[in-house]
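The values are calculated or read from the model by the stated rules, or taken from the named source; none is laboratory data. No experiment lies behind these values; they were computed from the predicted model shown. Here the Cβ is made from the backbone with ideal geometry for all residues, glycine too, and neighbour counts use every protein chain on show.
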Amino acid sequence: MITALQTNAVRLAILAVITFKSATEYIWSGAGDLIYGGNTYKGIGDLGQIGRITEGSDVHAYGTTVALSGVNPTLLSESLTDVKLGAPATLALALFDSTGAIIGTPYVFFSGVVDKPSVQPGIDAITISLALESKLANLSRASNRRYTAADQNLYYPNDAFFNFVEMLNDLALHWALSS
């Protein structure tokens, strides 16, 4: 990719992979369909928009947004109910040569999860924006896991490690020192 960028004879495009409840969508910033990696990316052209991508030297969960404009208002409720919070989302930069073939492997510049959608209404069409947050955002959230047998068995059904934890609540232990 570095060699191709130095030639000034390349075109850039953004590839996006966003998972929804119904399916994983493959989208790219060009027109028409693009087949890459066994997947067909749907071209959205100028109807798509990506927010600012921020990086820093401190440990901070930076996020961004992706938006699709020109959505038919009759599809609004279907579009919003298909959003899956916490689903994976990836944005990558792809380079194309003069024949339209992808050069090398697209560079992933954002990998995170889908957060809340927002809607900007228009006269004939609406714009739906999805907030994407870094996976680091999960570090600031409290874990919903508990130290119980029931919680452990959700992930490891045959594990008996926590089977006796609940009875420790009612157990009185008396320690005696011996000389």
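Given the structure, is residue 158 surrounded by 12 or more Cβ atoms within 10 Å (Cβ to Cβ) and modelled with pLDDT of 85 or more?
Values: surrounded by 12 or more Cβ atoms within 10 Å (Cβ to Cβ): no; modelled with pLDDT of 85 or more: yes.
So residue 158 does not fit the description; no.
For residue 163, state whether it is surrounded by 12 or more Cβ atoms within 10 Å (Cβ to Cβ), in a loop (DSSP other than H, G, I, E, B) and of a type in the set (S, T, N, Q).
On the way: surrounded by 12 or more Cβ atoms within 10 Å (Cβ to Cβ): yes; in a loop (DSSP other than H, G, I, E, B): yes; of a type in the set (S, T, N, Q): yes.
It is true that residue 163 is surrounded by 12 or more Cβ atoms within 10 Å (Cβ to Cβ), in a loop (DSSP other than H, G, I, E, B) and of a type in the set (S, T, N, Q).
Could you list all residues from segment 14-41 that are surrounded by 15 or more Cβ atoms within 10 Å (Cβ to Cβ) and either farther than 16 Å from residue 101 by Cβ or modelled with pLDDT under 90 (or both)?
First, the residues of segment 14-41 that are surrounded by 15 or more Cβ atoms within 10 Å (Cβ to Cβ): 14-20, 25-30, 34, 36, 41.
Hits for segment 14-41 are 14, 16, 17, 18, 19, 20, 25, 26, 27, 29, 30.
Scanning for something hydroxyl-bearing (Ser, Thr, Tyr), part of a loop (DSSP other than H, G, I, E, B) and surrounded by 10 or more Cβ atoms within 10 Å (Cβ to Cβ), does segment 116-127 turn up at least one residue? No, segment 116-127 contains no residue that is hydroxyl-bearing (Ser, Thr, Tyr), part of a loop (DSSP other than H, G, I, E, B) and surrounded by 10 or more Cβ atoms within 10 Å (Cβ to Cβ).
Residue-by-condition table, conditions (1) closer than 18 Å to residue 68 by Cβ; (2) modelled with pLDDT of 85 or more; (3) of a type in the set (Val, Ile, Thr):
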site: 96; (1), (2), (3): no, yes, no
site: 109; (1), (2), (3): no, yes, no
site: 114; (1), (2), (3): yes, yes, yes
site: 131; (1), (2), (3): yes, yes, no
site: 136; (1), (2), (3): no, no, no
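Yes or no: residue 177 of a type outside the set (Ser, Thr, Tyr), under 25 Å from the mean Cα position of the chain (by Cα) and either at pLDDT below 85 or surrounded by 10 or more Cβ atoms within 10 Å (Cβ to Cβ) (or both)? Criteria not met by residue 177. The C-beta contact set for segment 39-58 (first residue polar (S, T, N, Q), second residue at pLDDT below 80, distance under 7 angstrom, 6+ apart or interchain) comprises 54/62. For the residues 79, 111, the requirement of being out of contact with any Lys or Arg (no Cβ under 6 Å at 6 or more places or on another chain), more than 22 Å from residue 33 (Cβ to Cβ) and either surrounded by 13 or more Cβ atoms within 10 Å (Cβ to Cβ) or free of Cβ contacts under 8 Å to residues at least 60 places away in the same chain (or both) singles out 111. In the set 75, 68, 91, only one residue is closer than 25 Å to residue 127 by Cα and modelled with pLDDT of 90 or more; that residue is 91.
For segment 12-31, enumerate the residues that are touching a residue at least 40 places away in the same chain (Cβ under 8 Å) and either farther than 16 Å from residue 106 by Cβ or assigned to a loop (DSSP other than H, G, I, E, B) (or both).
So in segment 12-31, the residues touching a residue at least 40 places away in the same chain (Cβ under 8 Å) come out as 12-22, 28.
19, 20, 21, 22 - these are the residues of segment 12-31 that are touching a residue at least 40 places away in the same chain (Cβ under 8 Å) and either farther than 16 Å from residue 106 by Cβ or assigned to a loop (DSSP other than H, G, I, E, B) (or both).
Which is at pLDDT 80 or above and in a loop (DSSP other than H, G, I, E, B), of 83, 59? None of the others qualify; the one that does is 83.
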